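**Student:** Here it is, the structure, as structure tokens.
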Amino acid sequence: MGRFWSLLFLLVPVLGVAVFVFAVVPGGVFDNHWLPEDISQHGKVIDDLFMFILYLTGVIFIVTGALLFWFCWKYDAEKNPEPVKFTHGSHTLEIVWSILPAATLLFIAVFQMDAWAENKMAYPTKEDGQTKKPPLALVTGRQFEWRITYAGADEVIGTEDDLHVVNDLHLPVNDKVVLRIQSEDVLHSFFLPNLRIKQDLVPGMQQHVWFQTKKTGTYDIVCAELCGWGHYKMRGRLIVESEDDFNEWYASALQEQNRTSLNAESDD
Amino acid sequence: MNTSSAASHGHGHGGGMSLNHFISTYVFSKDHKMIGLQFLFTTLLWFIVGGLLALGIRWQLAYPWSDMPIIGGRLFSAEGGQISPEFYTTLFTMHATVMIFFVIIPILAGAFGNYLIPLMIGADDMAFPTLNMLSYWFMWPAFICIGISFLTPPYGAGGGWTSYPPLSAVRTAAPGSAMAQTWWLMGVTLVGISSMMGSVNYMTTIIQMRAPGLSMFRLPLTIWSMFITAVLQAFALPVLTAGGFMQILDRMLGTGFFVPEGLIVNNAAMVSGGGQPLLWQHLFWFYSHPAVYIMILPAMGMVSDILSCFARKPIFGYKPMVYSISGIAGLGFIVWGHHMFVSGMNPMLGMTFMVSTMMIALPSAVKVFNWLGTIWGGKIEFTTPMLFSLSFVSMFVIGGLSGIFMAATPVDIFIHDTYYIVAHFHYVLFCGTAMAVMGAIYFWFPKMFGRAMNETAGKWHFFLTFVFMNGTFYLMHILGAVGFPRRLADPYHYETFKHLLPMNRFITWCAIGMVASQIIFAVNFFYSIFKGQQVGRNPWRCNSLEWFAPSPPVGHGNFDAQPIVYRGPYEYGSPEVDTDHYPQTQPPPEGVEASGDGH
């Protein structure tokens with residue numbers, strides 16, 4: 001039976017690698033079962049890092065899996081006529097297999113720092129707390145919707161002439177965008193899969209995300225932090241459109257809002 | 001002989017006395033073996049509960065909002081047999097709570113720690129038998145609290161096992177969970193008290209009560225890992241206990257440890273405030289990250305012993321193994337922030353935690369290489385415990401490597417809180433720890449009951465579990481790579497995740513197969529207790545001290561002769577003797593110096 005069990009353990013690296021190959025290569029049974037389309041400028045760095053770690057860990061996965069199989073196959077008590085190699089270890093080997101992974105891990109650690117800094121630390125604020133570029137919109141998470149606020153004519157968010165939208169975040173394409181994000185009640189997480197953006201919203205804290213899109217289209221805004229029974233339905237839409245389309249939408253939405261609020265006032 | 005059982009034997013006349021005898025032997029026993037078995041049976045029962053809860057989650061992900069066959073109508077009659085979104089949050093909260101606090105931690109430390117520590121160090125019992133008894137009986141109030149929490153109408157606690165405030169701290173944030181969340185917090189705190197009593201006992205016992213000749217570097221790795229685990233628990237737990245009480249105060253008395261100013265929850269402004277939700281996350285993970293190692297280190301120790309025994313060869317690199325266990329434990333205290341990379345914590349701190357997290361992969365890698373070194377050049381016997389242990393190594397590699405993706409902070413931005421992390425921790429905790437526990441049950445069963453479990457059934461159990469569990473958890477990596485978020489009752493209304501339904505159905509059927517395969521184990525387990533093949537003291541030809549005792553070990557006192565230790569526990573295939581094993585208690589032949597200290 002030793003042969004059978006050895007082969008079973010060999011299946012782990014064989015099928016394990018196969019699954020990832022099917023997922024990464026487009027087409028086939030696992031079509032579209034990989035990193036979703038990236039429409040951001042910075043996302044490629046993250047995806048490349050993901051793939052780099054995948055290749056690196058893939059090699060270790062295959063080597064250790066193959067060794068486990070080979071040792072099970074070769075040293076099966078029923079088949080192996082040789083006496084046991086009576087040894088308590090090897091000092092040299094221990095040093096080699098401590099230093100090699102340590103160096104590799106340190107390399108990954110240092111290698112990725114720039115991408116992290118770019119995403120979370122190249123903070124677009126000045127010392128007085130104002131953003132270098134005014135935020136395009138304020139995104140407020142609440143159970144279970146996204147409230148989006150654009151500045152009105154005065155170009156300041158938080159005044160009476162603001163434009164309020166629920167769940168639809170419109171953005172001009174190719175533009176460097178800063179968003180102010182906040183939560184009104186519990187923790188939420190602002191997750192844009194297609195932009196490789198995720199940031200938990202912590203009530204009581206002022207937070208920002210920044211990115212640059214490179215393609216128009218409609219994408220998902222996902223809440224990725226448990227926020228209550230309706231967590232699953234806290235879905236928003238990200239609408240990336242051309243500068244002209246964005247301006248047109250903004251003007252008409254503002255007009256629509258003013259009209260309805262004027263009507264509401266005249267009703268009183 | 002135990003004084004209490006001696007006393008009850010002495011007065012053993014009449015029904016009342018034999019009832020006392022029954023209670024002191026099987027219920028309020030101070031014998032570490034009985035307490036270990038109590039933990040074992042209790043945790044295995046909870047294992048069934050946790051598994052069924054997981055199937056509930058899987059059902060919803062495969063067939064969202066559809067009637068659950070057979071049992072749905074009885075369970076959720078109000079929803080017409082469907083799982084409601086509220087109940088879904090309760091399902092995953094309870095699945096994690098039960099599996100972590102009632103299964104993995106107590107089965108490793110409570111069941112195997114209790115059973116094996118005195119036997120493997122050649123002691124009569126634990127240092128504090130009464131404390132030991134209490135550590136088991138403090139689990140029961142915890143069971144009751146969590147049970148009430150689960151059954152509180154309209155549905156139980158739904159804050160996730162991480163219980164992040166303000167969702168968990170503000171009552172109105174999860175209206176249905178009302179008192180359930182408070183009961184949950186009390187339950188978890190009580191589990192902590194039980195673990196604390198156990199850990200004090202284990203540390204003292206291992207330091208003070210080793211048999212003559214058993215130096216620290218002659219201890220089996222199982223004992224080393226139990227010792228380090230006890231240290232981890234003793235130092236990390238108080239923080240969770242404090243955090244738990246703070247959250248209870250926030251809920252009950254309106255304090256504001258974790259509730260910030262100016263919240264508007266459910267259209268109502270909060271009165272309390274001035275707190276910081278991230279504080280809870282720091283306190284929680286300061287315990288719960290070391291807890292991850294509490295859930296894997298003992299498994300690593302037991303696997304090391306089993307691998308060496310069935311490779312008929314000394315463990316490769318004993319001292320590096322001990323140092324890497326200690327290294328994991330030490331580093332384990334400074335990596336908790338990697339759960340919080342995107343939490344809003346200062347990103348500068350994220351960088352620090354990233355480096356320490358990368359470094360903790362190193363001792364784990366060293367252990368894997370040493371396990372491979374152990375089976376290299378051996379004479380491998382493919383027994384059931386050996387198969388489970390080999391699969392532990394194979395699976396732990398996957399769980400370890402997938403951790404590196406999450407440790408890399410920029411990658412974590414994308415895969416945080418997706419199925420990638422779900423795949424990762426199930427590979428470590430189920431495919432790793434649970435498989436090691438299964439192996440350990442098959443391995444030490446003959447010692448516990450004097451009878452062996454059936455090998456054929458054991459191999460079928462292994463084969464089916466191994467195949468189905470990989471079918472269940474491996475594809476979750478692929479889901480995670482698409483960004484499929486965890487804890488969503490219905491992820492398919494997102495365009496990005498719509499097409500993942502077929503893969504989820506496949507996973508669900510594998511999960512059902514995996515749970516069904518455990519029936520073989522349950523039948524084998526109970527059949528073998530009564531009808532299994534009777535075996536002697538040392539059926540596996542193993543070296544360590546527990547096999548020197550009778551099977552099962554005699555009453556209180558364990559050994560029928562005082563064990564005296566001449567060497568470490570891994571001298572298989574030693575040229576000093578003709579047999580392929582060389583028990584720790586066997587005096588060396590004439591003219592040979594005592595050997596076998598760690599190398």
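The values are calculated or read from the model by the stated rules, or taken from the named source; none is laboratory data. Since the model is a prediction, treat every value here as computed from it, not as a measurement. Reconstructed Cβ throughout: ideal geometry from the backbone, glycine too, with neighbour counts over all protein chains shown.
**Student:** Identify all residues within region A:55-82 that are in contact (Cβ under 8 Å) with a residue 60 or more places away in the chain, closer than 17 Å to B:Met395 by Cα and within 8 Å of chain B (Cβ to nearest Cβ); write none if there are none.
**Tutor:** Answer for region A:55-82, where residues must be in contact (Cβ under 8 Å) with a residue 60 or more places away in the chain, closer than 17 Å to B:Met395 by Cα and within 8 Å of chain B (Cβ to nearest Cβ): just A:Cys72.
**Student:** Now for a separate question. Give the number of residues within region A:182-213 that are farther than 21 Å from A:Trp116 by Cβ and either facing chain B (nearest Cβ under 8 Å) or not polar (S, T, N, Q) (or both).
**Tutor:** Looking only at that region, the number is 7.
**Student:** Can you tell me which residue among B:Thr162, B:Thr204, B:Thr189, B:Thr172 is part of a helix (DSSP H, G or I) and within 14 Å of another protein chain (Cβ to nearest Cβ)?
**Tutor:** Exactly one of B:Thr162, B:Thr204, B:Thr189, B:Thr172 is part of a helix (DSSP H, G or I) and within 14 Å of another protein chain (Cβ to nearest Cβ), namely B:Thr172.
**Student:** Can you report the number of residues in region B:145-179 which are of a type outside the set (Gly, Ala, Ser) and either touching a residue at least 60 places away in the same chain (Cβ under 8 Å) or under 25 Å from A:Ser189 (Cβ atoms) (or both)?
**Tutor:** The number of residues fulfilling the criteria is 13.
**Student:** Still on this model: Might you check whether a residue that is more than 9 Å from chain A (Cβ to nearest Cβ) and on the phi > 0 side of the Ramachandran plot occurs anywhere in region B:432-451?
**Tutor:** Within region B:432-451, one or more residues are more than 9 Å from chain A (Cβ to nearest Cβ) and on the phi > 0 side of the Ramachandran plot.
**Student:** Go over the candidates B:Ile223, B:Ile248 one by one and state the one that is crowded, with 24+ Cβ neighbours inside 10 Å, in a helix (DSSP H, G or I) and touching a residue at least 12 places away in the same chain (Cβ under 8 Å).
**Tutor:** Details: B:Ile248 fails: crowded, with 24+ Cβ neighbours inside 10 Å.
Just a single option satisfies the conditions, and that option is B:Ile223.
**Student:** How many of the residues making up region B:399-419 are facing another protein chain (nearest Cβ under 7 Å), under 23 Å from the mean Cα position of the chain (by Cα) and assigned to a helix (DSSP H, G or I)?
**Tutor:** The qualifying residues number 2.
**Student:** Here's a follow-up. Across region A:198-236, what is the total count of residues that are of a type in the set (Val, Ile, Thr), surrounded by fewer than 16 Cβ atoms within 10 Å (Cβ to Cβ) and touching a residue at least 24 places away in the same chain (Cβ under 8 Å)?
**Tutor:** Matching residues across region A:198-236 total 0.
**Student:** Go over the candidates B:Ala127, B:Ala111, B:Ala123 one by one and state the one that is more than 14 Å from chain A (Cβ to nearest Cβ), over 22 Å from B:Pro238 (Cβ atoms), among the hydrophobic types (A, V, I, L, M, F, W, C) and not in a helix (DSSP H, G or I).
**Tutor:** One residue alone meets the criteria, B:Ala123.
**Student:** Restricting attention to region B:518-547, and to residues there that are under 24 Å from B:Ile117 (Cα atoms) and among the hydrophobic types (A, V, I, L, M, F, W, C), which single residue is modelled with the lowest pLDDT?
**Tutor:** B:Val535
**Student:** For region B:540-592, give me each residue that is under 29 Å from the mean Cα position of the chain (by Cα) and hydrophobic (A, V, I, L, M, F, W, C).
**Tutor:** Those that are under 29 Å from the mean Cα position of the chain (by Cα) and hydrophobic (A, V, I, L, M, F, W, C): B:Trp540, B:Cys542, B:Leu545, B:Trp547, B:Phe548, B:Ala549, B:Val554, B:Phe559.
**Student:** For region A:85-101, check the following and say yes or no: at least one residue is more than 12 Å from chain B (Cβ to nearest Cβ) and over 25 Å from A:Glu243 (Cβ atoms).
**Tutor:** No - not one qualifying residue is present in region A:85-101.
**Student:** Another question about this same structure. Would you check if there is a residue in region A:227-236 being of a type outside the set (Val, Ile, Thr) and farther than 19 Å from B:Asp417 by Cβ?
**Tutor:** No.
**Student:** From the list B:Ser177, B:Ser168, pick out the single residue that is surrounded by 24 or more Cβ atoms within 10 Å (Cβ to Cβ) and modelled with pLDDT under 90.
**Tutor:** The conditions single out B:Ser177.
**Student:** Let me ask you something else. Of these, A:Glu155, A:Glu225, which one is within 17 Å of B:His416 (Cα to Cα) and either of a type in the set (A, V, I, L, M) or in a loop (DSSP other than H, G, I, E, B) (or both)?
**Tutor:** That would be A:Glu225, the only listed residue that is within 17 Å of B:His416 (Cα to Cα) and either of a type in the set (A, V, I, L, M) or in a loop (DSSP other than H, G, I, E, B) (or both).
**Student:** Which of (1) surrounded by fewer than 20 Cβ atoms within 10 Å (Cβ to Cβ); (2) within 22 Å of B:Asn470 (Cβ to Cβ); (3) out of contact with any Gly (no Cβ under 8 Å at 6 or more places or on another chain) does A:Phe52 not meet, given it meets every other one?
**Tutor:** (2)
**Student:** Then there is this: Looking at region A:238-253, can you tell me whether even one residue there is closer than 26 Å to B:Phe87 by Cα, within 14 Å of another protein chain (Cβ to nearest Cβ) and surrounded by 14 or more Cβ atoms within 10 Å (Cβ to Cβ)?
**Tutor:** Checked region A:238-253: no residue is closer than 26 Å to B:Phe87 by Cα, within 14 Å of another protein chain (Cβ to nearest Cβ) and surrounded by 14 or more Cβ atoms within 10 Å (Cβ to Cβ).
**Student:** Only one of these is touching a residue at least 24 places away in the same chain (Cβ under 8 Å) and surrounded by 23 or more Cβ atoms within 10 Å (Cβ to Cβ): B:Met340, B:Met345, B:Met351, B:Met358. Name it.
**Tutor:** Residue meeting the stated conditions: B:Met358.
**Student:** I would also like to ask the following. Among the candidates A:Ala137, A:Ala115, single out the residue that is within 8 Å of chain B (Cβ to nearest Cβ), touching a residue at least 24 places away in the same chain (Cβ under 8 Å) and on the phi < 0 side of the Ramachandran plot.
**Tutor:** A:Ala115
**Student:** If I ask for residues that are of a type in the set (Val, Ile, Thr) and touching an Asp or Glu at 6+ places or on another chain (Cβ under 8 Å), which ones from region B:555-595 would you list?
**Tutor:** Answer for region B:555-595, where residues must be of a type in the set (Val, Ile, Thr) and touching an Asp or Glu at 6+ places or on another chain (Cβ under 8 Å): just B:Val592.
Table: residues versus (1) more than 7 Å from chain A (Cβ to nearest Cβ); (2) at pLDDT below 95; (3) within 28 Å of A:Lys74 (Cβ to Cβ).
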position	(1), (2), (3)
B:Cys309	yes, no, yes
B:Pro320	no, no, yes
B:Tyr323	yes, no, no
B:Asn346	yes, yes, no
B:Met351	no, yes, no
B:Thr374	yes, no, yes
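**Student:** Still on this model: Do you know which of the residues in region B:565-599 that are more than 14 Å from chain A (Cβ to nearest Cβ) and crowded, with 16+ Cβ neighbours inside 10 Å is modelled with the lowest pLDDT?
**Tutor:** B:Pro588
**Student:** Taking region B:452-490 as the region of interest, how many residues are hydroxyl-bearing (Ser, Thr, Tyr) and within 11 Å of chain A (Cβ to nearest Cβ)? Even if it seems obvious, please write down each step before you answer.
**Tutor:** Applying the first criterion (hydroxyl-bearing (Ser, Thr, Tyr)) to region B:452-490 yields B:456, B:465, B:472, B:474.
Still in the running and within 11 Å of chain A (Cβ to nearest Cβ): B:456, B:474.
Number satisfying all stated conditions: 2.
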